[in-house]
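Structure, as structure tokens:
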Amino acid sequence: MIVLNNYHSARSVIPAKAGISCSVRHNGMGIIFLLFVTIVFSSCSKPDKVSDLISQMTLDEKCGQLSCPIGFNFYEKEGDSLWLSESFKGMMDTLPLGSCYGVLRADPWSQKTVETGLRPAQATIMLNEMQRYAIENTRLGIPLLFCEEAPHGHMAIGTTVFPTGIAQASTWNPKLLEKMGEVMGKEIRLQGAQVGYGPVLDIARDPRWSRVEETMGEDPYLTGTLGAAVVKGMQKNVVSTLKHLAAYGMSQGGHNGAAAEVGKNRLMNDYLPAYEMAIKQGGAQSVMTSYNAIDGVPCTSNAWLLQEVLRKSWSFDGVVFSDLFSINALFATHHVAADPAEAAALALKAGVDIDLSGYSYGGFLKEALQRGLITEDDIDRAVRHVLQLKYDLGLFDNPFVDEKLAEKEVGSAENISLAKQVALESAILLKNDGILPFGETVKKVAVIGPNADNMYNQLGDYTSPQEPERIVTMREGICEKGRAEVVYAKGCSIRNESDADIESAVKAAQSADAVVLVVGGSSARDSNSSFTQATPTLSDMECGEGYDRCTLDLLGKQNELMEAVYSLGKPVVTVYIEGRPMLKNIAAEKSNALLTLWYPGMEGGSALADILWGDYNPAGRLPISIPRNVGQIPVYYSQPNCSDYVESSSKPLYAFGYGLSFTQFEYSDLQIEQHPNNADALFVISCSVKNVGDYDGDEVVQLYVRDEEASLTPPSKLLKGFRRVHINKGETASVSFTLSKSDLSVFSTENGWHFEPGKFTFMVGASSDDVRLECSAKI
């Protein structure tokens, strides 16, 4: 048992990687053993270390290195005391394990709460103790990998909760997201883990799918550029694991994990480039397979995808994880394996190194070997990838972390300030008739709606339980702003219709000078602190993993609430808190102003208040199109040859790249010149952008290209560059883009990646459907 108050009494500090110092207890033979292991392994030259260690391993030890079971039950806690669970010790004594998943995870699934989960200081102590057990109580003393969820911050108690992926993408700001990635990675590493699962790079073109909120939208270039930035930031401290390879976001019917019907040409041109960019530009050291099948082949057993594309074409030399239980799904769900042993063999031979669950590799690899389904060389190949990663991380030299730093630096004021900045830059102004920013005449504001004062509804899926004082809701942010008297009414729930009180909301609106109406959706799972009783009423949750939709309408009585408020004739600002692009036709027609904040994270309310009163000029841009009707799906900006429907336009309500500002910008002086120095570069395209409005602000300048003479049917246009630039009122900025042959290349099954000479049209503008400048050139 570890008693927290006494644990720091004896420690010796050793140098650490990436600026994080590490510590170990003086513990007699344990320290001697650790030093012995370090000296033995350090005496080998780097290429020999892994081979030498593999040669000493038993088959059980090899299978253990490839197993990553769920770890949130690997510790026990009572008051201030922590100790290792018998289940952890048992696994370490038998296989032993090579890695653990989600030890620090807290949510309804793990049944860990703010009280029963581990705070940052406790997390560091526990992971150090688990690491110490692995080193001191197993034959070879191989250190553990600890893997944690990190799509929008580390999913653990007391960490910084950033906006979700679709909001991150709305910033169109790689430098900001690199800073965010660095903070996420540092918070993970300070607590003792070394692998962060994220970012999610699935291309999302069906808003019915439940995991759109985790993605960076519909475009491969935007997703790849921003994803690479997040990876670059994370990998200053931890290994970033790209999710999910591949085509997971284009499942049939919007069903999570359903089949993706796509040919190789579209797969390579649309759905895989973001991963390649994150590997080659961001340096990602790990990827995770997806649950779906592509053209009938499950991604977890797709040797072409994992060997030919990932390792050979992209030169990836890191570690491949399965998704949770996706190996056994080859047998249980996809029915491409006769039994669990055959499923394990299929995944291993395809190129999956680590089984996220431990069930398949830990339980059935030996049987697969005995049956001749795999060879020991297959096992050794995967073990080599895992051990090499551990060496690269410095774990054999320095497996522990300093137990004092996490409490000070995880969830710090500086990190929370960055979360607010991401929330500010991700906010998208979709409509404004001049009501915003609020002026002096707005002395009383009615804050109304189911998402106006619900902290979990603004945080998104993959979020741990929170202490209320750490989260700023929309109502709280507006109250704390102190610019106007605030009256609040919930009006209704997201889904449940039995608790609606629209009459009170109408009264609140009638008493105010302006209304802030906060509606949308929720990915909030049951936050019952004890997990002993079922939720008595219908949950708000309509989004988040597994919550696919067949419509995109607001649920419950939200439309009724909106109509009641709009009918009063009061100035109304409608704010959507959402995880997918929901239909906004009513608000677009009747609201004076319209914003989407997606899931803005812990500082969402503060960000909204700054925007309402003009202390921040919004400049977020849509990373995904907002449809007019669910019947349009899929609707995305690069679709070729789309004619109108009988009932409606084929165009989205709001297009990719769209977003307003409190100011206006004029574009001029488009120039296209041959690049003077770079042999691969074709052109430098530049233009001038002038702020002609009354406010300083950011503009997101976007470059699109259309191939006019292609061998394959080309997209209507493709994003090939963007710049988010701050321009003071009255001033002009020069913006330039460099295009290379690789930027204009296309993949075909006949010729692979290749550049096709011909005519290209270059378009610069404020969104995909707001092109301001255009020219063509023969190349």
Of these, K175, K236, which one is assigned to a loop (DSSP other than H, G, I, E, B) and surrounded by fewer than 24 Cβ atoms within 10 Å (Cβ to Cβ)? K236
Of the conditions (1) touching a Ser or Thr at 6+ places or on another chain (Cβ under 7 Å); (2) assigned to a strand (DSSP E or B), the single one that K243 does not satisfy is (1)
Only one of these is open to solvent by less than 30 Å² (accessible area, probe 1.4 Å), within 27 Å of T463 (Cα to Cα), part of a helix (DSSP H, G or I) and not polar (S, T, N, Q): L554, L595, L608, L561. Name it. L608
For the stretch 333-345, does any single residue satisfy the condition of being modelled with pLDDT under 95 and assigned to a helix (DSSP H, G or I)? no
Kindly indicate whether E578 is closer than 21 Å to A593 by Cβ and out of contact with any strand residue (DSSP E or B) (no Cβ under 9 Å at 6 or more places or on another chain). no
Looking at S251 and the list (1) at pLDDT 95 or above; (2) touching a Phe, Trp or Tyr at 6+ places or on another chain (Cβ under 7 Å), which single condition is not satisfied? (1)
For E425, are the conditions met, namely being of a type in the set (D, E) and open to solvent by 40 Å² or more (accessible area, probe 1.4 Å)? no
Tell me, please, whether a residue that is in a strand (DSSP E or B), open to solvent by 40 Å² or more (accessible area, probe 1.4 Å) and out of contact with any Ser or Thr (no Cβ under 6 Å at 6 or more places or on another chain) can be found in the stretch 710-717. no
Has the stretch 718-729 got any residue that is at pLDDT 95 or above and assigned to a loop (DSSP other than H, G, I, E, B)? yes
If we keep only residues of the stretch 362-401 that are among the basic types (K, R) and under 28 Å from N128 (Cα atoms), then the residue least open to solvent (accessible area, probe 1.4 Å) is K390
Scan the stretch 172-187 and report the pairs whose first residue is in contact (Cβ under 8 Å) with a residue 12 or more places away in the chain and whose second residue is among the acidic types (D, E) and open to solvent by less than 50 Å² (accessible area, probe 1.4 Å), with Cβ atoms within less than 8 Å and a gap of 6+ or a chain change. N173/E425; L176/E425
Got a number for residues in the stretch 443-465 being open to solvent by 20 Å² or more (accessible area, probe 1.4 Å) and touching a Leu at 6+ places or on another chain (Cβ under 9 Å)? 0
For the stretch 178-200: of the residues being open to solvent by 10 Å² or more (accessible area, probe 1.4 Å) and of a type outside the set (A, V, I, L, M, F, W, C), which is farthest from E409 (Cα to Cα)? E178
Exactly one of S504, S529, S511 is farther than 27 Å from N585 by Cβ, out of contact with any Leu (no Cβ under 9 Å at 6 or more places or on another chain), surrounded by fewer than 23 Cβ atoms within 10 Å (Cβ to Cβ) and modelled with pLDDT of 95 or more, and that residue is S511
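The values are calculated or read from the model by the stated rules, or taken from the named source; none is laboratory data. Just so it is clear, the model here is predicted, and its values are computed rather than measured. Note that each Cβ is placed from the backbone with ideal geometry, even for glycine, and that neighbours are counted across all protein chains shown. The protein model used for the area step is the full one, side chains on, heavy atoms only, and it has no ligands, DNA or RNA in it. Shrake-Rupley method; radii C 1.70, N 1.55, O 1.52, S 1.80 Å.
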